[in-house]
Each structure stands twice: as C-alpha cells, then as structure tokens.
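Read-outs: derived from the displayed coordinates by stated rules, not from any lab. The structure displayed is predicted, hence computed values, not measured ones. Reconstructed Cβ throughout: ideal geometry from the backbone, glycine too, with neighbour counts over all protein chains shown.
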C-alpha cells in the first residue's frame, strides 16, 4: 500500500480541509514532510527550519504586509502560511505566492488558533523519536486515526468522529459539512459541546453505549436542539473490559445488519489503533526521558543521546520547571507523578510552538527543556527563554502553581551539565520560598543560592552559633526577651528602627531598648560593619 508522507502539507489539508482550512493559493502536492509548526511573531521572529508550516496569528489577511511576509517566508523555504479567512487574494499576493512557493491557506471563521495548533500537532506527532518504519493495522498506517476515520466513513457512507471517554474528538473524517451545525461545532472545538453531552447523559445514551456491545441510535428530535438535524449512531470502542472511546456517525435511516456489522468491525479496528497510539506514546515518552536524562547527567552515552535528540552541535538554553513547594507537598506520590507528566506535556507544547526542535522530559521530579538557541536581535538567548518561561507559567497558573528556572547550556556536554546544575540551584531557592519570583535566572537569586549552600555546608559540619549570637540565644532561652528576633529585624531593615519595629509590631522605643540590651548581652558593637555582617551571616545560615 502506498501513501503520501504522513506529515505533508497535502495530508494536513486532506484531514483538516473544508471544516477548518481552505487552500487559497499555491501548490500542496509536494512529497516532502512538514518539519515543524511555527507561530509567526513580527516582533520576535523565530528562525524557521526548512519546510516549516507558519501560523500567521494576527496577520491582517487584507493588509499590504501579506505579500511581503510570503516573500520572507519563501526565503526561509517555508511550506505554507495560514492566516485568518477571508483572505484578499490580490494580484500582488497571488504573484508573491507563485514567486515564493509558499502555499497560502485560510483558517475558517469559528475555529481558533489553539484548536488548529492542537490538530496539526496531532498529525505531525507521527515519526517522533523511536519510530522506525511504517507499521500497519487493518491495512491502514498504525495509529493513524484520521485515516481510520476516513475509512470507516467510506464504509458507512457517513461522516464520523472518533472520541475518547470524555467526549473529546480524537479524529474525524471528511464530509463533516454534510452533517449538521452541531457536528461542525463539535469538530471545530474538538469536544462535544457541554449542552449536548448533558442531554446525552440525561437520555441514558452513554449508559447504554458503555453497557451494550452494539450500536446506540440517538434520534435528532430526542435531543431537542435546532442544531441537530441528523440522527447519530454510536458504538463503544473496547479493549477487553476497558472502554477506550467511541465512534459517532451522523447518518439517517435504519441501522440494519450490514451497518451494524460495519460499526462492530470499525470499533475493533479503532481499538487496535488506540492501543497502538497509547503504547507508542508511552514508549516515546520513556525513550525521550531516558535520552534527556542521559544528556543532563553527562555520563556515558550523553553525546550519542544528544545526537538522537537532534541537538548535537547546537548551543542550548535549559529551562527547568517544577511544581511549587505548596502544590507539590499537598499531593500524593501518584498525583504528583501525574501532574509532573502533565506539566511536561504542557511545557513541550508551549516551547515547541516557538522552538520546534526543543526537547522536554520529566527527570527526577523536575521537568527540563533543552532549547536550541535561535538568532534573535535585541535580546540574549536566556532573556528570550525567560519570556517563554514567564508566558508558560502565566498560562498554566490557573491549574498548576509552577516555578521555572532558566540557565545557559552551551553546546557541549559539560556545558549542559553545568547549566542543569545551575537551573537546579535556582529552582531550590524558589521551592524553599526564599524569593517571590516564579521565573528566575541565577543572576536573580545567586546570593540566596550561596546562602543555602553555606547552610548545607554548616549542617554537614554541625556548625553552631558562636560569639555574640550564641550569647543572645542563651539569654533569650532563659528570659524570653526576644533579643535575637529584634536584632534580625533591625539588620534586615538596614538599621531603620521604624521599619524594623513595624515588622515586629512593637513601639520604636521598645526596639531601641532591646538593641541596647543586644549590645550589652551579646557584647557586640552594632556600629561596626564587620560585626553586623558576621551577626547577619550567622543568623541567616545557622539560626
């Protein structure tokens, strides 16, 4: 069986066309695969790998910049440009398409860029690390749910969707415009609208679907919505006793024996592909984690692992992300592992939107991202990574309390190992609550990191406070005088009595009296900067 490469532009338009995308101008029948998906940013333009598909978010489809953008993308050997429809196909734009060789594609109204990105990434995910050769199941490329959906649709002569147990659309066939508005809404949103899902639950459709082996018919009039005019026929997709998802066909007429047998056969085929996708995803995740872990540790095989990740010889920046201490400690071990995996997936999607060749994995309780440095005028690679990390932390802040560290990794293994250690130092400062920053570099927290490391050294040596601090601690234990606390507040306030008294909720005169007692009991000269520094250091490290 022959077929075009899975990640070709023609394949993307075949699977997503009519419902989401329309080819406005240019050629798509090229055998080369799309190398990655890039979001165009006119203020911080990324370097495009050859054969990139570019999403022109915010590009005016009727403006005069479209032709110039096509010419620029042609110079980078981009495969296509997607902008919001309708597009003004002026003679200038048409000439730019022909001269650049970049196909111009319109994103239909009602579809969001996030939805389009998720769908295209699902298609481009084939051929990731660890995949060699092309397997087939039932005569179709292994794990290719879109090909399966189109094959089932041809058998049933009806548009179909393949959904998971949460009614999220995993894949859909062509001809969705032959159904009704609700089906188009479902496909565009990649999720059955809540009002429909609620009604299906009330009617007992999901109960029957998961209880019986045969198809379940849902009549349009039973749903009671104007947007539903075509009957739905659904069947569960099972692997033994486990429900993997379901197939939904939009077709009127009686579900006769022939249609029932076709649906049963289709459900078995879809089950095989879903299991293959699950197994493949697990294998690829473990392999990527092993490769990134090997690189970060710098041991035997690190150089080969870097080659397999496609990052050999490239200068890197390291982004480390983790759950904040409060969020992390509140979870069970199983919940923590699930959330860490979720964090790794989210960071991978976020970084690859701008840097397609980045590699992300959870290693030892922290999620690490290896980002190849892109040429960008006006900012250093680390500053660019800080912006990406800050945007990510803000985006996931509603569901996860995340902290992130950015460190230079250089291009050699020893530099990457140093960068990983630097990111770990920064994350520790944030994890232990010594800074309010949620995204930081070592420049931001180096002093705090050094203090924590001095504290570790002191603990290993069983160091104890001596001199003035030791005398003050003994006096406080016997008299509950609060002298150590008063000295610490005064030092933190850089000698500002009013500010320190406010922090302690006492009168300034009370603090002045305590400071005199500090000098007397501790035998310390508070006017001597060396003695003040020694006291501050002991309080920070040993107390």
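Could you sort 451-457, 56-62 so that the peptide with the highest average Cβ count within 10 Å comes first and the rest follow in order?
56-62, 451-457
Mind sorting 225, 368 by how few other Cβ atoms lie within 10 Å of their own Cβ, fewest first?
225, 368
Rounded, prolate or oblate for region 136-278? Axes are the square roots of the Cα gyration tensor eigenvalues, ordered a ≥ b ≥ c, and the cut-off for rounded is a/c under 1.5.
rounded
When only C-alpha pairs under 8 Å and at least 6 residues apart count, what is the relative contact order of the chain, in percent?
9 percent
Place the peptides 198-206, 385-393 in order of packing, highest mean first, counting for every residue the other Cβ atoms within 10 Å and averaging per peptide.
Packing order, densest peptide first, comes out as 385-393, 198-206.
For helix 413-431, what angle does its Cα long axis make with the longest principal axis of the chain, in degrees from 0 to 90 and rounded to 10?
Between helix and principal axis, roughly 70 degrees.
Rounded to the nearest 500, what is the 222 nm mean residue ellipticity of the chain from helices alone, with -39500 (n - 2.57) per DSSP H run of 4+ residues and division by all residues?
Rounded to the nearest 500, the figure is -15500 deg cm²/dmol.
If you rank 507, 350, 273 by fewest surrounding Cβ atoms within 10 Å, what's the result?
507, 350, 273
For the Cα atoms of the chain, what angle does the longest principal axis make with the long axis of helix 65-75, in degrees from 0 to 90, nearest 10?
Here the helix axis deviates by roughly 90 degrees.
When DSSP beta bridges are limited to those with both residues in region 9-124, what percentage is antiparallel, rounded to the nearest 5?
If I count the DSSP bridges inside region 9-124, around 25 percent turn out antiparallel.
Kindly work out what percent of the DSSP beta bridges joining two residues of the chain are antiparallel, to the nearest 5.
75 percent
Between 0 and 90 degrees, rounded to the nearest ten: what's the tilt of helix 333-354 against the longest Cα principal axis of the chain?
So the helix axis and the longest Cα principal axis differ by about 70 degrees.
Going by average Cβ density within 10 Å per residue, which order do the peptides 353-363, 511-521, 64-74, 315-325 take, highest to lowest?
315-325, 353-363, 64-74, 511-521
Sorted from fewest to most neighbouring beta carbons within 10 Å, what does the list 251, 536, 430 look like?
Final ranking by Cβ density, sparse to dense: 536, 251, 430.
What is the Cα centroid distance between region 145-181 and region 55-84, reported in whole angstrom?
If we compute the Cα centre of each part, the gap is 31 Å.
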